[in-house]
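This report refers to the structure that appears directly beneath it.
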Amino acid sequence: MVYNFKLADIGEGIVEGEVSKWYVKVGDVVKENQPLVEIITEKVTVELPSPADGTIIKIGPEAGKIAKVGEVIVVIDDGKEEDVNKEVSIEETKTEKKELIKEDVKGKKIIATPAVKRLAKEMGIDIGKVVATGEEGRITEKDVKLYSKLEIHSNEERIAFRGTRRTIAERLAKSSDRVVQAWIMEEIDMTKVTELKNKIKESSSEEIKLTYMPFFVKAVIRSLKSSPRINASLDEETEDIVIKKDYNIGIATDTEQGLVVPVIKKAQDKNINEIAKEIEELSIEAKSGKLELENTQGGTFTITNIGAIGGISSIPIVNYPEVAILAINKIMKKVVHWEGEIVARDRVYLSLSFDHRVLDGADVARFLNSIRKCLEDPESLMKDEQS
Amino acid sequence: MNNLNIIDLGLTEYQRALEIQKTLVKDRLSNLTTDTLLLVEHPHVVTLGKQTNPEDVLNNSIPIIKIDRGGSATYHGPGQLIGYIIMDLKNKGISVPVLISKIHEIIILTLNELGIKAKRRKDNTGVWIDEKKIASIGLSVRNWITYHGFSLNVNTDLEKFNTIRPCGYDSQVMTSINSIKRNQYSEELVKKKIINNFSKVFEYNRIKSLGKN
């Protein structure tokens, strides 16, 4: 049986190259994987191994010439009789079809290299059932391997672990690997924030989407100012605690691809409306996958508002190399003892995870106390704006 | 198998490092070892790849060796971080162009982490800072196992490029990390970052450090 091998078939991914040396000549008997020819392609010399056992009938461009993709560079005869039970045809180069073996199995054309067919046979797979993803319906090695997995677990779905999901995983694993995570929780009264939020909304001439988040951002910045070691990172290479002078607040955002954290840069210079607007814009960009890389970098502290979706309490993972992260849980009406009376008020649990290598429990307890004071007197946060 | 061995050879003669690579290629082919990243520095040497134009060698004040990688003339010496890559492309499931692209990516990521904005050029392999070249790439592939790799100028004595026309360019084209960053970074730090980005970009999940490191 005679095989025509083209550059693309054996020189995976190689589209064009200069033939620098032939190791074989017409009439030579070669073994599979024996080097046939050396091709030089931009900065890489590649020795192409023989794809089959057999005798060289013809070789392609001579040394010094350029070999192009699709060009037949070697013709090998394996000396075997053609199998009469299978309808095997080798297309001539003119038709520009892949020089692969085509078989008619139950009326379906099978296109696969001998290696892939051998693999399927070894794995006990009926190659006729494998779905081809290669060019022009060619069955690749990956297709066969995937099929073998699907065959065993047909009630499972496999999703490639790539892209955003993989980035999230790597970052979390790094955090879990390096950071000594510790946790503290506080219950805070949000009634006054709710009232103020509604007041601003009513009095505002602009149509703004004011959520609780800008108030948390404001309270966090005010509190970080009195606890500078929380707005920091640990540089393990130089062994420094790096105190950040800007307050770049990351907002954990849920998107279809998974969690992304857009960053409000220099949030200390922005008023509550500006913060609200920026959060909304970044969130839209994040959800539509249009977030610029620079808007996800340079964060100094992260807030995650898991409670907006649900959950009365949670333990967030520090967004390494930052040293602390604040989770806002579900804001809910609760009956409490407030100023001498039993009343229903808006309450929320705030949970803070921190890197215990850099911070101690007392540091973060003071920080949470400060946040509580700010949020229980939100007018004071607004005063910030005039000053 | 998605394991990577990292061998830090330190200062090693060019020929010795080449022998080690060839042994590793053989061992990789017979599956005696995993993919390997060899990190090394060479004493002063000029190597000529297969595409070298004889006019690119200006004088022979530095020992010259003709070798079987792609690319043309280059200089190696102390202060230059070299990564030789022994990788089974079939097993890794990547093609030669993807390999080259990923090597670029590793170097660019590393430079970015050091505050240097680097880029690749459409017309030319290697990593560039504006009009200057900071890293070179040249590889060989045998039985789908790679060897040779990349060189990155960290603290390289750039004057030494004067004996050749590196990759056909004027020798002034070369630059180094510490000529841009005023000797801020140690080779050890750059090495660490390279290892980190190499494992990440090529998605190795188990990494074993052998040798000096």
**Fill in**
Computed Rg/Rh for the protein assembly as shown (Cα atoms; Rh = Kirkwood radius) stands at 1.08
**Request:** Working from Cα positions, state the angle (0 to 90°, nearest 10) between the long axis of helix B:187-201 and the longest principal axis of chain B.
**Result:** 50 degrees
**Complete:** Amide H contacts under 5 Å for B:Ile6, restricted to residues at least 5 apart in sequence or on another chain and with H modeled in the peptide plane, are B:Leu37, B:Lys208, B:Ser209, B:Leu210
**Item:** Calculated [θ] (222 nm, deg cm²/dmol) that DSSP helices of n ≥ 4 give over the protein assembly as shown, each run adding -39,500 (n - 2.57)
**Value:** -8500 deg cm²/dmol
**Asked** Over the Cα atoms of region A:1-81, what Rg and Dmax result, in angstrom?
**Response** 11.7, 42
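Run the dipole for region A:1-81 about the Cα centre, Lys and Arg Cβ at +1, Asp and Glu Cβ at -1, nothing else charged, and hand back the magnitude in debye, nearest 20. Don't skip to the answer; put the middle values down first.
Details: 9 positive and 15 negative charges, 39 e Å.
Charge dipole of region A:1-81: 180 debye, to the nearest 20.
With N residues in region A:217-297, what two-decimal value do you get for its Cα radius of gyration over 2.2 N^0.38 Å?
Working: Rg = 14.0 Å, N = 81, 2.2 N^0.38 = 11.7 Å.
It is 1.19.
Let me know the longest stretch in chain B that avoids all GluC sites (Glu not before Pro) found in a DSSP loop with at most 16 other C-beta atoms within 10 Å.
Numbers: sites that count: B:Glu13, B:Glu131, B:Glu203.
Of all site-free stretches, the longest is B:14-130.
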**Prompt:** How many nm separate the modelled label positions at A:Met382 and B:Glu159, each set 7 Å beyond the Cα in the direction of the Cβ?
**Reply:** 7.0 nm
**Fill in**
Residues whose built amide H sits under 5 Å from the amide H of A:Asp28, excluding neighbours closer than 5 in sequence, are A:Ile56
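If you filter region A:142-245 for GluC sites (Glu not before Pro), then keep DSSP loop positions with at most 15 other Cβ within 10 Å, what is left? If you can, show how the numbers build up before the last one.
Numbers: sites: A:Glu151, A:Glu156, A:Glu157, A:Glu170, A:Glu186, A:Glu187, A:Glu195, A:Glu202, A:Glu206, A:Glu207, A:Glu236, A:Glu237, A:Glu239; in loops: A:Glu156, A:Glu157, A:Glu206, A:Glu207, A:Glu236, A:Glu237, A:Glu239.
The qualifying sites are A:Glu156, A:Glu157, A:Glu206, A:Glu207, A:Glu236, A:Glu237, A:Glu239.
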**Complete:** Counting sequence-distant residues (5 or more places) and residues on other chains, those with an amide H built under 5 Å from that of B:Arg142 are A:Glu47, B:Tyr147
**Net length gained if the chain between A:Met1 and A:Lys68 were fully extended (0.36 nm per residue, minus Cα distance)** = 21.6 nm
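A:Ala308: net charge of surrounding residues, Cβ under 15 Å, Lys/Arg +1, Asp/Glu -1, itself excluded? Kindly include the intermediate steps, with their values, before the conclusion.
Details: positive: A:Lys197, A:Lys209, A:Lys287, A:Lys330; negative: A:Asp254, A:Glu280, A:Asp346.
Net of charged neighbours comes to +1.
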**Complete:** Env charge @ A:Arg171, Cβ radius under 14 Å, K,R +1 / D,E -1, value +2
**Item:** Cα-centred dipole magnitude for the protein assembly as shown, charges only on beta-carbon of K, R (+1) and D, E (-1), debye, nearest 20
**Value:** 380 debye
**Fill in**
By the Kirkwood definition, with r running over pairs of different Cα atoms, chain B has a hydrodynamic radius in Å of 17.2 Å
**Item:** Cα-projected label distance for A:Arg229 with A:Glu292, points at 7 Å along beta-carbon direction, nm
**Value:** 3.6 nm
**Message:** What aspartates and glutamates does A:Lys266 reach when the alpha-carbon gap must be under 13 Å and sequence neighbours fewer than 8 apart in one chain are set aside?
**Reply:** A:Asp246, A:Glu274, A:Glu278
**Request:** Pop out the Kirkwood hydrodynamic radius of region A:180-386 from its pairwise C-alpha distances, inverse of mean 1/r, in Å to one decimal.
**Result:** 17.5 Å
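Please average, across the residues of B:133-145, the number of beta carbons from any other chain that are within 10 Å of each residue's own beta carbon, and give a whole number. Display every interim value, and only then the final one.
Values: counts 0, 0, 0, 1, 3, 4, 4, 6, 12, 7, 6, 6, 1.
The shielding value for this peptide is 4.
Taking K and R as +1 and D and E as -1, what net charge do the other residues with C-beta under 12 Å from the C-beta of A:Ile66 add up to?
Working: positive: A:Lys65, A:Lys68; negative: A:Glu16, A:Glu18, A:Glu62, A:Glu71.
Summing Lys/Arg as +1 and Asp/Glu as -1 gives -2.
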**Backbone N within region A:122-147 under 20 Å of label point (7 Å from B:Ser101 Cα along the Cβ vector)** = A:133-136, A:140-143
**Asked** Between B:Asn53 and A:Val26, what is the FRET efficiency for a Förster distance of 41 Å, r being their Cβ-Cβ separation, to the nearest 0.05?
**Response** 0.80
**Request:** Report the label-to-label distance for A:Arg162 and B:Arg16 in nanometres (one decimal), using points 7 Å from each Cα along the Cα→Cβ vector.
**Result:** 4.3 nm
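Throughout, read-outs are computed from the coordinates displayed, never taken from laboratory work. Quick caveat: nothing in here was measured; it's all calculated off a predicted structure. With ideal geometry, Cβ positions are generated from the backbone for all residues, glycine too; neighbour counts draw on all protein chains shown.
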